[in-house]
Amino acid sequence: MSRLNWATGEDRRLIRFAMRAPMLDREEESELAIAWQQERDERALRKLTEAHLRLAVASASRYRHYGLPAADLIQEGTVGLMEAAYRFEPERDVRFSTYAAWWVRAAVQDYVLRNWSIVRTGTTSAHKALFFNLKRLKARMGVDPDRPLSFAARNQIADEMGVRLCDVEAMEGRLTGADRSLNTPVADESAQEWQDLLVSEEARPDDAVMDLRDGDRKAALLREAMTHLTERESYIIRERQLKDEGVTLAVLGNQLGISKERVRQLEVQALQKLKDALVATVGDPVTAGLANG
């Protein structure tokens, strides 16, 4: 009955069905697995998985303290059971229950990690190990679960589990901090919510529009100024100044059949022409600085 205490209603009926399913001996298990693998006999698959549904129930009950619905945990365990049935190789002389237990546990753990918090907890092997073991390790060390670990204790856990100290610190912070809605008032009877205090790194809409218009205007001015350059000067400016990674003077010299010093002279000459053209157009030395940037 202990397995039923954490479930209600329909969940309990599913658990009773799983626990009453007849066990399979090694020969029956092998025959069903072969029938599924070689003939895709769905009756054999159903009988094989139903006989091992207790694995999904047992694994789900082990993670019931994370506050997730019993039916969902059992369902995820069943998904892992089905995955095991698809991958099981009966010729390896391993009992299906031994093989399937790993898949069932992995499926339930992944579900808990994805749904324990609305904030992504982390899915690396280090984070996963810490998520499911940190509280146990703190209890073994005699540390109050609601109090932060000391630096020495964090180092000890990192060494024992073979993970980085920063991973221990990050997971401890996640496990000790509850989710909070951004719509929660900052204080009692306050109209201000936590989301009102968040600072956006994005530009304001009016600033974004102005930046876009300024960018278009500067691009037009630069295109017009470029018409004052010779073809070779234009090529040098495009390759040296208008690309994310400008080419070297030596490369341009090889392409144009001149020395790199001559390329440098032409570049300086072209930049001065651009500056003069921009100043003549807008009469603004700051805007004319486009020629240098």
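The values are calculated or read from the model by the stated rules, or taken from the named source; none is laboratory data. Since the model is a prediction, treat every value here as computed from it, not as a measurement. With ideal geometry, Cβ positions are generated from the backbone for all residues, glycine too; neighbour counts draw on all protein chains shown.
Would you check if there is a residue in the range 71-88 being basic (Lys, Arg) and surrounded by 13 or more Cβ atoms within 10 Å (Cβ to Cβ)? No, there is no match, as no residue in the range 71-88 is basic (Lys, Arg) and surrounded by 13 or more Cβ atoms within 10 Å (Cβ to Cβ).
No other residue among Ala58, Ala35 is touching a Gly at 6+ places or on another chain (Cβ under 9 Å), assigned to a helix (DSSP H, G or I) and surrounded by fewer than 21 Cβ atoms within 10 Å (Cβ to Cβ) apart from Ala58. Residue count for the range 42-57, restricted to those that are under 35 Å from the mean Cα position of the chain (by Cα) and acidic (Asp, Glu): 1.
For the condition at pLDDT 90 or above, in a helix (DSSP H, G or I) and either touching a Ser or Thr at 6+ places or on another chain (Cβ under 6 Å) or acidic (Asp, Glu) (or both), Leu81 qualifies.
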